[in-house]
Amino acid sequence: MSAETTPSDAFLELRDLRIHFPTDDGLVKSVDGLSFRLERGKTLGIVGESGSGKSVTSLGILGLHNRKNARVSGEIWLDGAELVSSTQEYVRGLRGKRMAMIFQDPLSAMHPYYTVGNQIIEAYRVHHRVSKAVARKHAIEMLGRVGIPNPAQRVDDYPHQFSGGMRQRAMIAMALCCDPELLIADEPTTALDVTVQAQILDLMRDLQRDFNAALIIITHDLGVVAELSDDILVMYGGKCVEYGTAENIFETPEHPYTWGLLGSMPRLDRESTERLLPIKGSPPSLINIPPGCAFHPRCSYADRTGGKGSAEVPELSEVRGGHKVRCHLPANERHAIWESEIKPVLEAQ
Amino acid sequence: MVTYLIRRLIGAVIMLLIVSMATFAIFFLVPQIAGATPEGMASRYVGRTASAEDAKIAADRLGFNDPLVVQYGRFIKGIVAGAEFDYGPGVEQCPPPCLGYSFITRQPVWPDLLDRLPVTLSLAVGAAVLWLIIGLSTGVISALRRGSVFDRAAMTLALAGVSLPIFFTGLISLLVFSYGNPFAVFAQGGHYTPITENPGEWAYNLILPWITLAFLFAAQYARLTRAGMLETMGEDYIRTARAKGLIERTVVVKHGMRGALTPIVTIFGLDFGLLVGGAVLTESTYSLPGLGKYAIDAITNNDLPKVMGVTLLSAFFVVFANLIVDLLYAVVDPRVRLS
Ligand SMILES: Nc1ncnc2c1ncn2[C@@H]1O[C@H](COP(=O)(O)OP(=O)(O)OP(=O)(O)O)[C@@H](O)[C@H]1O
Ligand code: SF4
Ligand SMILES: [Mg+2]
């Protein structure tokens, strides 16, 4: 943190966060200059394909990267305190208490040898000087709150005795047990089947309202965040390529990659393998990020900017009212493509 | 849990029966298939000094002409109720549990085994404590400081430990520590003082064999522990533990080691069972009067009943260790207990 930075007045603010991993093959730039703000009670959806740096970002906010093999720079402000330059011990004290995380696969994220209750009790007692009995009561209450039937009995079950959906509920109980102000859910429903997914998302929405926490939902599926999010950040190759309100992203998306994501949203009423406008090619290697616009090898409109796409990294620039996009295409041309080529296809189905 | 326990117990009993049958078959059936006559068997049994006629009588009286099943039944009965060996010139008493009677030393085998067991147990327990402390701590530290100088040095040494044969490391440590050089502070082997008599001397006499044996196992356990820790510390549940805000020591000890050391329980149980059955090489190297040395001496003297008795006892320890391991595993891994 340089001397002249001004403390953030947002609840959570990332400024130019970079997380790079030096490896034998080269420098992996998993997160490369990410900035956003988030207030209490608001939900941010972070969307991107596999490998775009979503998990690395969330682990970075919680300070969970090993400082030996990860280079973290930039600023992370949580309620007026900067975390990147703070001591590990300070950030550890915040983890679980003021900021908590829900992981993708609840079976592997829970210790197989300890009961579910034991693991919640542990999470509670790290930050509260209470007896085991008090913590246990709290754990049972939390399990009840996330919709586990018979919590007083199930508290003594081991994770493998729970169903997938119940395990994720238990994970949520564990994350919420210290009443965190920031909750990050990293693909909370990916490992679950479709009906359970909807239940878990409903639960998270209700709980967020109750707890008034700032919520970050990470997913590769725009459908998941559609109803839940206030704001959406689209990530590609470690960078934000589009940021705006959920309305912005769904009504007037600006970036060709976002169009691709919208076109590849699985629909409940369709065969899930069928994609409207699939994004061709595969996500970039984060060691050799394509020069210029990282998306240009896969972009259908790359030729419309006269070679600029492969030469110059586009700036993240504001379209209007906080809606930002990282693309060389002139705004009017983007709108024209959206209105005439993309929107009709998406609406036709 | 109770059905699991009962199932395991029944399994162990069946296993013991099978093992005893196999042992019996090896000592009685195989020689006969290979052409040994009951008389020959009897003479091997009661000693070669007997005349051909004596041997014939002995064979008859000892029941070597009976069907094998009958002989096996008699053997098992001996374990439960004791036996008498009427070999012609006299009758030898063998009180229960009768694991055989040595006509060479004119003594039942079981009291001999009881005599030797404390030596082997002392050797095994002491070495196990040493190798667990050294092996596990080295493995954990190596894993946590992967690639450090400590890790490299420890793993090089461990590789040597698992590759060198025990009589080699045994001889080296005998040379280094015992034969007229500045380090010659330890006993030279061949002595054993019961712990009940003089604990200090007991330990003093055993320290070299302990170190020799522990080195071998510590090397193996350090490697296993390191591999296990590296694997567990990369598990998702470790990340969860950190995300809760636990201090790193709790993460490593309560979450990491718990996961990494559980499989080692199994390996330890089996190793220990085998060792109590007779640390043959270590006991020979240091001339310790334990079960392993007993077995070697019995083989050298062609004292069949002794060999059979010690084999059965070793087999019993292995089966017993297996049982303990299964039960322990159910205690430490809830997924086993409940399935
Ligand atoms: N410790 C590390 N060392 C080297 N590279 C890493 C490390 N952690 C993550 N990466 C790389 O960073 C990139 C981004 O990973 P990340 O897990 O953030 O992707 P993601 O967007 O969460 O994808 P997914 O949808 O598959 O979860 C990946 O290419 C990954 O290989
Ligand atoms: S900058 Fe060019 S290549 Fe990149 S998304 Fe925009 S149009 Fe496509
Ligand atoms: Mg991820």
Could you go through segment A:304-313 in sequence order and give the Karplus-derived ³J(HN,Hα) for each residue, using 6.51 cos²θ - 1.76 cosθ + 1.60 with θ = phi - 60°, rounded to whole Hz, and x for Gly and Pro? 8, 10, x, x, 5, x, 9, 10, 10, 6
In terms of Cα to Cα distance under 22 Å, which lysines are near enough to B:K77, apart from those fewer than 8 places away along the same chain? B:K306
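To two decimal places, what compactness ratio does segment A:97-255 give when its Cα radius of gyration is scaled by 2.2 N^0.38 Å?
Values: Rg = 16.6 Å, N = 159, 2.2 N^0.38 = 15.1 Å.
It is 1.10.
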Take the Cβ-Cβ distance between A:R304 and A:S85 as r, set R0 to 30 Å, and report the resulting FRET efficiency rounded to the nearest 0.05. 0.10
If contacts are Cα pairs under 8 angstrom and at least 6 residues apart, what is the relative contact order of chain A in percent? 18 percent
Would you mind listing how long segment A:107-179 runs along its three principal axes, going by Cα atoms, in whole Å with the largest first? 31, 22, 20
At what distance in nm do the modelled label points of B:T300 and A:K68 sit from each other, each positioned 7 Å from its Cα along Cα→Cβ? 5.1 nm
Over segment A:174-250: Rg over Rh, Cα atoms, Kirkwood Rh: 0.96
Which percent of Cα pairs goes in each bin when the distances of the protein assembly as shown are cut into 20 angstrom slices starting at zero? 15, 33, 25, 18, 8, 1
Taking only Cα atoms and a 10 Å spring cutoff, compute GNM fluctuations for chain A and point out the largest among A:N288, A:N248, A:N212. A:N288
Backbone HN-Hα couplings from phi across segment B:213-227 [Karplus 6.51/-1.76/1.60, Hz, Gly and Pro as x]: 5, 5, 4, 4, 6, 4, 4, 5, 6, 5, 5, 4, 5, 4, 4
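Anything over 20 Å Cα to Cα? Flag those among A:K280/A:K324; A:K29/A:K68; A:K97/A:K137; A:K54/A:K239; A:K97/A:K239, in the order listed.
Values: A:K280/A:K324 24 Å; A:K29/A:K68 16 Å; A:K97/A:K137 18 Å; A:K54/A:K239 10 Å; A:K97/A:K239 29 Å.
Violating the 20 Å Cα-Cα cut-off are A:K280/A:K324; A:K97/A:K239.
How high is the FRET efficiency from B:A52 to B:L121, r the C-beta distance, R0 60 Å, rounded to 0.05? Walk me through the numbers before you get to the answer.
Working: r = 43 Å, r/R0 = 0.72.
Calculated transfer efficiency: 0.90.
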Among B:V253, B:V307, rank each residue by its count of other Cβ atoms within 10 Å, from fewest to most, as a rough exposure measure. B:V253, B:V307
With the crude spin-label approximation of a point 7 Å out along Cα→Cβ, what separation in nm comes out for B:V162 versus B:E201? 4.1 nm
Return the long-range amide H neighbours of B:E92 (sequence gap of 5 or more, or a different chain), with a cut-off of under 5 Å between placed amide H atoms. B:F85, B:D86, B:Y87
If you take the charge dipole of the protein assembly as shown about its Cα centre, with +1 on Lys and Arg Cβ and -1 on Asp and Glu Cβ, which of A:F21, B:I299, A:H296 is farthest toward its positive end? B:I299
Evaluate the charge dipole of segment B:2-98 about its Cα centre and quote only its size in Debye, nearest 20, assuming +1 on the Cβ of each Lys and Arg and -1 on the Cβ of each Asp and Glu. 540 debye
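Given the -39500 (n - 2.57) contribution per DSSP H run of 4+ residues, what per-residue ellipticity at 222 nm results for chain A, rounded to the nearest 500 deg cm²/dmol? All intermediate terms of the calculation are to be shown ahead of the outcome.
On the way: 13 runs with 112 residues, N = 349.
When only DSSP H runs of four or more count, the value is -9000 deg cm²/dmol.
What number comes out for the charge environment of A:G292, summing +1 per Lys or Arg and -1 per Asp or Glu over other residues with Cβ under 10 Å away? Mind dumping the intermediate values first?
Numbers: positive: A:K308; negative: A:E312.
Here the charged neighbours net out to 0.
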With an 8 Å Cα cut-off and a minimum separation of 6 or more residues, compute the relative contact order for chain B in percent. 21 percent
Quick one: in segment B:111-338, what % of C-alpha pairs are over 31 Å apart? 32 percent
Residue-ordered couplings for segment B:98-105, obtained by feeding phi - 60° into the Karplus form 6.51 cos²θ - 1.76 cosθ + 1.60 and rounding to whole Hz (Gly and Pro as x), are 8, 9, x, 9, 8, 7, 7, 8
Interchain or sequence-distant (5+) residues whose placed amide H lies within less than 5 Å of the amide H of A:I46 are A:I217, A:I218, A:T219, A:L233
Please give every one of the lysines within straight-line cross-link reach of B:K254, meaning a C-alpha to C-alpha distance under 17 Å, and leave out same-chain neighbours fewer than 8 residues apart. A:K132, B:K244
Nearby aspartates and glutamates by direct alpha-carbon distance to A:K343 (threshold 18 angstrom, same-chain neighbours under 8 apart not counted): A:E242, A:E247, A:E251, A:E254, A:E274, A:E333
In the Gaussian network model of chain B, springs joining C-alpha atoms below 10 Å, which of B:G100, B:G273, B:G245 carries the largest mean-square fluctuation? B:G245
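Return the FRET efficiency for the residue pair A:D156, A:L346: r is the Cβ-Cβ distance, R0 is 60 Å, and the value is rounded to the nearest 0.05. Intermediate values should be presented prior to the final figure.
Details: r = 49 Å, r/R0 = 0.82.
The value I calculate is 0.75.
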Over its alpha-carbon atoms, segment B:1-143 yields an Rg and a Dmax in Å of 20.9, 69
Between the modelled labels at B:I133 and B:V265 (7 Å from Cα along Cα→Cβ) the distance in nm is 2.3 nm
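Assuming a viscosity of 1.306 mPa s and a temperature of 10 °C, what translational diffusion coefficient in µm² per second does Stokes-Einstein assign to chain A, Rh being the Kirkwood radius over Cα pairs? Working shown, then result.
Values: Rh = 21.3 Å.
The diffusion coefficient I find is 74 µm²/s.
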Within the set of other residues whose C-beta is less than 9 Å from the C-beta of A:F21, count the net charge using Lys and Arg as +1 and Asp and Glu as -1. +2
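Counting other C-beta atoms within 10 Å, which of A:W259, B:W202, A:W77 has the fewest, and how do the rest follow? Write out the running numbers ahead of the final one.
On the way: A:W259 25, B:W202 19, A:W77 22.
With the sparsest Cβ surroundings first, the list reads B:W202, A:W77, A:W259.
In deg cm²/dmol and to the nearest 500, what is the mean residue ellipticity at 222 nm of chain B if only DSSP H runs of at least 4 residues count, each as -39500 (n - 2.57), divided by the residue total? Spell out each step's value before the answer.
Details: 15 runs with 237 residues, N = 339.
Mean residue ellipticity at 222 nm (helix-derived): -23000 deg cm²/dmol.
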With +1 assigned to the C-beta of every Lys and Arg and -1 to the C-beta of every Asp and Glu, and no other charges, what is the dipole magnitude of segment B:111-338 about the Cα centre in debye, to the nearest 20? 1060 debye
Cβ density ranking, 10 Å radius, fewest first, applied to B:I26, B:I134 yields B:I26, B:I134
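Among all stretches of chain A without exposed trypsin sites (Lys or Arg not before Pro) (DSSP loop, at most 11 other Cβ atoms within 10 Å), which one is longest?
Longest gap between qualifying sites, sites excluded: A:130-279.
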If you take the charge dipole of segment A:135-277 about its Cα centre, with +1 on Lys and Arg Cβ and -1 on Asp and Glu Cβ, which of A:V155, A:P180, A:L203 is farthest toward its positive end? A:V155
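Readers should treat all values here as calculations from the given coordinates under stated rules, not as data from a laboratory. Fair warning: this is a prediction, and the values are worked out from it, not measured in the lab. Note that each Cβ is placed from the backbone with ideal geometry, even for glycine, and that neighbours are counted across all protein chains shown.
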